[in-house]
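For reference, the structure is listed below as structure tokens.
Laboratory data are not the source of any read-out in this text; all were calculated from the coordinates shown. Only a predicted model underlies this, so the values are computations on that prediction, with no experimental measurement involved. All Cβ positions, even for glycine, are placed from backbone atoms using ideal geometry, and neighbour counts span all protein chains on display.
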Amino acid sequence: METKLLDIKGKEVGTTDIPAAFSVEPDQHFLHEIVCYYLANKHRGTACTKTRSEISGGGRKPWKQKGTGRARQGSTRSPIWRKGGVVFGPKPRSFRQYLPKQKLTAGLFQALSSRISEGSVYVIESLELEKAKTSELRDLRKSLNAKKTVLFVSEKTEANFVTASRNIPGFGICLARNLNAYEVLRNEKIVITAAALKEMESRATKEN
């Protein structure tokens, strides 16, 4: 399979081959499981509420048991009182899940295969810029015509590109070794450098 090869200005300068590892049949249920894994691990789990035993006050019985005509009450910190304790409220806990590394890698290439079939993946020569100016990316932004988010995948950190893209809404950058299925699926378009493509191909070969 071949796809267009772009330069930093967004112009087509040739074609490049898509590795066979990117041509796999995506399994929607499997990708759903992978996405749930990443979302669960992003969950901080710090929500916390106080039970009646943790709220200050309420040690004295608000009124005597009988003779007032009102319902009996033992504490002003009862859950049925305003500012009382919370029943079965959230407590800090871990939401982390575990999946084997091989499964996560398979999910990444299934996600990439799915996005390639949609025409949402582009290959670019490199992300090198002479100057760290946002205007340097004007033509590239127009050629991509992305309405939401674009993820650039590179084999190394390009300082000028990171600085220049910082003021462009929806532009993000990720190293090839850190790319995962969730990032591939949540971004509207994926732009991969030629060197990063080769790095990911060798990664797929090692995993298999």
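Which of the peptides 52-62, 19-29 is most tightly packed, and how do the rest follow, going by the mean number of other Cβ atoms within 10 Å of each residue?
For the peptides 52-62, 19-29, the packing ranking is 19-29, 52-62.
Can you tell me the dipole magnitude for the range 45-94 around its Cα centre, using point charges on the Cβ only (Lys, Arg +1; Asp, Glu -1), in Debye to the nearest 20?
The calculation lands at about 260 debye.
Can you report the principal axis dimensions of the range 121-177 using only the alpha carbons, biggest first, rounded to whole angstrom?
That works out to 26, 25, 18 Å along the principal axes.
At q = 0.16 Å⁻¹, what is the base-10 log of I(q)/I(0) for the range 3-57 according to the Debye formula with one equal point scatterer per Cα and no solvent? Please give it to two decimals.
The Debye formula, applied to the Cα set alone, gives -0.83.
Subtracting the Cα-Cα distance from 0.36 nm times the residue separation, let me have the gained length for Lys66 to Glu130 in nm, one decimal.
Extra length from Lys66 to Glu130 when fully extended: 14.6 nm.
Where does the range 92-208 land on the Kirkwood hydrodynamic radius, alpha-carbon pairs, in angstrom? Walk me through the numbers on the way to the answer.
On the way: mean 1/r = 0.0659 Å⁻¹.
By the Kirkwood definition, the hydrodynamic radius is 15.2 Å.
For the chain, what is the relative contact order in percent, using Cα pairs closer than 8 Å and at least 6 residues apart in sequence?
25
With an 8 Å cut-off on Cα pairs and a minimum separation of 6 or more residues, tell me the relative contact order of the range 45-94 in percent.
Worked out over the range 45-94, it gives 52 percent.
What are the principal axis extents of the Cα atoms in the range 45-94, in Å, biggest first?
Principal-axis extents of the Cα atoms in the range 45-94, largest first: 49, 16, 12 Å.
Taking the dipole about the Cα centre of the range 45-94, with the C-beta of Lys and Arg at +1 and of Asp and Glu at -1, give me whichever of Thr51, Gly89, Gly67 is farthest to the positive side.
Gly67
For the range 73-88 and the range 31-53, what is the separation of their Cα centres, given in Å?
27
Using Cα positions and a limit of under 15 Å, work out the aspartates and glutamates in reach of Lys101, with same-chain residues fewer than 8 apart set aside.
Partners within reach: Glu33, Glu207.
Once all Cα-Cα distances of the chain are split into 10 Å bins that start at 0, what whole-number percent is in each one?
Calculated P(r), rounded to whole percents: 8, 26, 23, 13, 9, 9, 8, 4, 1, 0.
Need one number: % antiparallel among DSSP beta bridges in the chain, to the nearest 5.
Working: 5 of 20 bridges.
For the chain, the DSSP antiparallel bridge percentage is about 25.
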